[in-house]
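Written below as structure tokens is the structure these notes are about.
The values are calculated or read from the model by the stated rules, or taken from the named source; none is laboratory data. Predicted model, so just to flag it, every value in this text is computed and none were measured. All Cβ positions, glycine included, derive from the backbone under ideal geometry; neighbour counts span all protein chains shown. These area figures cover heavy atoms from the full protein model, side chains too; ligands, DNA and RNA do not enter into them. Shrake-Rupley method; radii C 1.70, N 1.55, O 1.52, S 1.80 Å.
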Amino acid sequence: MVETGKLIGVTVLGATGSVGMNTLDVLARHRDRYRVVALTANTNAERLFTYCREYRPEVAVLGEAGAAARLQERLRTAGIATRVLNGPEGLEAAARLPEADYVMAAIVGAAGLLPTLAAVRAGKRVMLANKEALVMAGRIFMDEVVRHGAELLPIDSEHNAIFQCMPPHSIDGGLDRIGVERILLTASGGPFRTTPPADLEKVSPEQACAHPNWVMGRKISVDSATMMNKGLEVIEACWLFRTTPDRVRVVLHPQSTIHSMVEYVDGSILAHLAAPDMRVPIAHALAWPGRMHSGADSLDIVATGRLDFEAPDLERFPCLGLAYRAIEAGGTAAAILNAANEVAVQAFLERRLAFTEIPRVIESTLDSVALHESDALETVLADDAQARAVAARMVSRRTPRAAP
Ligand code: NAD
Ligand code: MG
């Protein structure tokens, strides 16, 4: 519990990314309420330096030791007292700092798991954007939230919308206790919703990253184009709201105006609408249970005009089907799926793999890596590592896509 009158300390893991920068934008609007305690980045020392100058955090973290030493020297010369740490230990130390009340978990991919878990174990308010952490280790993660009394607030826009459509504290007890029949998880369908399937083989990383409604990091943009993002979000929803995939229905909604819906047993459906701007869920999680300005434009409902819905096409988007397969298989299957996806997406972004090969690499990895129970972190990390090795071999055997 934060004392009244005291500034709330906030750490931003992944501060130089899309969600991280949106978080700092919201925090800058409310300097009378929050202070930045720690900021982390992987390689972008230049942007991290700029943010250290502006927000004066106690700690900054960079991936590599040499780069961290250079940043430390530069900050010292500029008269800024920020202490620079590095590597995975630095990230975990930043996540645990006693001065931080809230931690924004906005590192992309599996690299976010251990620092996010460190924040959970330190009992922070954890604002979770890093969905891969829950996909990989949902059982362990949710058990640790309860054990350490952490406060988990979803940042992923759909999950934040679902949270907002549910009664307070609904995250604790499952859907039946609060009379929820099902969750309607909306999806835009990404940039290739209507592209002829024959053209998908040749699409470039630039085309895949050009999302029609959202500006996001490159990995999640490709995930949105394959719809693996929605598959990961089904898994995320099952852990967050303590339910099963048969109660999470994916609905295509190309306008991205409704960010998700909750259907109750009496037939009522509650929806959350807002402009597609991540500052809305970020401000919600920071201010919860209150409200504050986010900087997002008000949604002009008349200009919006119409809201369309359709069922997703699993043939066009095989990644969605693969995510369901992983959920049904249980154990470490979701960690294996996530690892193979990260390897395949990186290869696609580096033009070493065709877009249409992404699901094939994931499927072959799921076929070849043995899965285990997912209640020990070591097992999850071991299966993640094995899946990465297998997926990398599969990528190297495939023909690279032609240069555009
Ligand atoms: P991004 O690529 O823009 O930023 C990623 C951040 O993570 C950067 O600060 C980067 O320095 C850091 N990072 C990357 N690899 C790292 C490593 N190995 N070690 C330490 N730090 C590392 O990504 P993003 O779009 O901001 O997404 C962040 C997370 O939020 C993802 O899990 C994504 O799925 C989720 N998310 C993003 C959005 C969005 O609008 N961008 C929406 C919903 C959920
Ligand atoms: Mg989302």
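As a check on your grasp of the helix formula, calculate [θ] at 222 nm for the chain: sum -39500 (n - 2.57) over DSSP H runs of n ≥ 4, divide by the residue count, round to the nearest 500. Present the calculation step by step, with values, prior to reporting the outcome.
Details: 16 runs with 180 residues, N = 404.
Calculated mean residue ellipticity at 222 nm is -13500 deg cm²/dmol.
If I build a Gaussian network model for the chain, linking alpha-carbon pairs within less than 10 angstrom, which residue out of Ala334, Ala287, Ala15 has the largest mean-square fluctuation?
Checking each option, the largest mean-square fluctuation is seen for Ala287.
Calculate the dipole size of the range 52-200 relative to its Cα centre from +1 charges on Lys and Arg beta carbons and -1 charges on Asp and Glu beta carbons; express the result in debye to the nearest 20.
Dipole magnitude for the range 52-200 comes out near 340 debye.
Restricting attention to the range 1-88, which GluC sites (Glu not before Pro) occupy a DSSP loop and are surrounded by at most 12 other Cβ atoms within 10 Å?
Answer in residue order: Glu3.
In the P(r) worked out for the chain, what percent of Cα pairs fall beyond 39 Å?
15 percent
Which chymotrypsin sites (Phe, Trp or Tyr not before Pro) does the range 300-404 hold that lie in a coil by DSSP with at most 13 other beta carbons within 10 Å?
Working: sites: Phe309, Tyr324, Phe348, Phe355; in loops: Phe309.
Passing both the DSSP loop test and the Cβ count: Phe309.
On average, how much accessible surface per residue is there in the chain, in Å², for a 1.4 Å probe, leaving out ligands, DNA and RNA?
42 Å²
Taking a label point 7 Å from the Cα of Tyr324 along the Cα→Cβ vector, which residues of the range 228-272 have an amide N closer than 18 Å to it?
228-239, 243-253
When the chain is modelled as a GNM with alpha-carbon springs shorter than 10 Å, which of Ala38, Ala105, Ala65 fluctuates the most?
So, out of Ala38, Ala105, Ala65, the one fluctuating most is Ala65.
Nothing charged except the Cβ atoms of Lys and Arg (+1) and of Asp and Glu (-1): what's the magnitude of the dipole of the range 176-397 about its Cα centre? Round to the nearest 20 debye.
420 debye
For the range 232-359, give the magnitude of the charge dipole about the Cα centre (Cβ charges: +1 Lys/Arg, -1 Asp/Glu; no others), in debye to the nearest 20.
Details: 10 positive and 16 negative charges, 51 e Å.
Once rounded to the nearest 20, the dipole reads 240 debye.
Do any trypsin sites (Lys or Arg not before Pro) in the range 284-371 lie in a loop, going by DSSP, with at most 11 other beta-carbon atoms within 10 Å of their beta carbon, and if so which?
When the trypsin sites (Lys or Arg not before Pro) of the range 284-371 are filtered for loop state and at most 11 Cβ neighbours within 10 Å, Arg291, Arg306 remain.
Just to confirm a number: summing +1 for Lys and Arg and -1 for Asp and Glu over residues other than Val84 whose beta-carbon lies under 12 angstrom from that of Val84, what do you get?
+1
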